[in-house]
Amino acid sequence: MRYLLAGIISTILSSLCCVEIFADVSNASLFLAGRGYKPVADAWLENPTITASHDESSIPDNPLYREWCINTFRNGEQIYEAYKEIAFGIDYCAEPPKTDYWQTPTETRQSKKGDCEDSVFLFFSQLSELDIDGDVVWGWVVDKDNSIAFAHVWYQLFDKRGRAYIVEGFSKEWNGIIPEEIVAGVEERVPTVALRHSRVNHVADDMSPKLTESFKDEQFLWGMYLNNASVIEDIFRKLQDMFARYIGEGHQLTASVQRSAFSK
């Protein structure tokens, strides 16, 4: 039902004249102004020992936030660790105009920078083998104050009760797992493709020359604009390319470890 609703919203919003500008920007700055959602106090503000050990070069820890994640989500401890990395471990870096290179999680982790899809796939990589109730979502974000819209990729997470949250990185704060109703107060998110967590790896595996035909397969759950097959096909081809490189990196690492062990 939530995917059907997303499709209806997409169709309605695509026809609205109030969306005046489509900008190629990121909402990474959303949290720099102190916005977002903090369900618990920052641990280093409450504990002088943690405050003394925290600096910009290290990824901090927040036991209270970890406990909130564990109590709120299935596999909450792993979600906490994955969020901590995308919030504190990487910096936002915009790509040059007319460039849309999707880094592998390995590349993002090594460079410590990336943009929205790089953050999402780094988050996903830590959780890919787990039973997570969530989606990787490609779509548009419409600012309600000025009607500016921009393309974006985000992770949508559902808690133990089915409540929806939006996961965003780059904030350098514990405020990036946000209830959807709070996000909806300042912006409208319009999904183009919503891909279930359990299907992300398999979609890359199941690519075929008849890619457009696969869009009609019931095993894929989406919310999408009507007549937007070319955009969706482009998303899937970039997914295939990114995962192919990521798998190759894994094979290279395995071979390197084996050579090192053999040399000893």
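Points worth noting:
- In this label model, ASN201 and LYS112 are separated by 2.9 nm, measuring between points 7 Å along each Cα→Cβ vector.
- Sorted ascending by nearby beta carbons within 10 Å, beginning with the fewest, GLU168, GLU180 become GLU180, GLU168.
- Within the shell of other residues whose beta carbon sits under 14 angstrom from the beta carbon of ASP234, the net charge comes to -1, with Lys and Arg scored +1 and Asp and Glu -1.
- Around ASP115: net Lys/Arg minus Asp/Glu count, Cβ-Cβ under 10 Å: -3
- Fewest-first ranking of ASP234, ASP115, using other Cβ atoms within 10 Å as the exposure measure: ASP234, ASP115
- Under 13 Å, Cβ to Cβ, from TYR92 - net charge with Lys/Arg +1 and Asp/Glu -1: -3
- Point-to-point label distance, ASP145-TYR37, nm (Cα→Cβ direction, 7 Å offset): 2.0
- Pairs spanning more than 22 Å between alpha-carbon atoms, out of LYS84/LYS160; LYS84/LYS113; LYS84/LYS238; LYS160/LYS238; LYS144/LYS238: LYS84/LYS238; LYS160/LYS238; LYS144/LYS238.
No value in this document is a laboratory result; all are computed from the given coordinates. Quick caveat: nothing in here was measured; it's all calculated off a predicted structure. Positions of Cβ are backbone-derived with ideal geometry, glycine not excepted, and every protein chain shown enters the neighbour counts.
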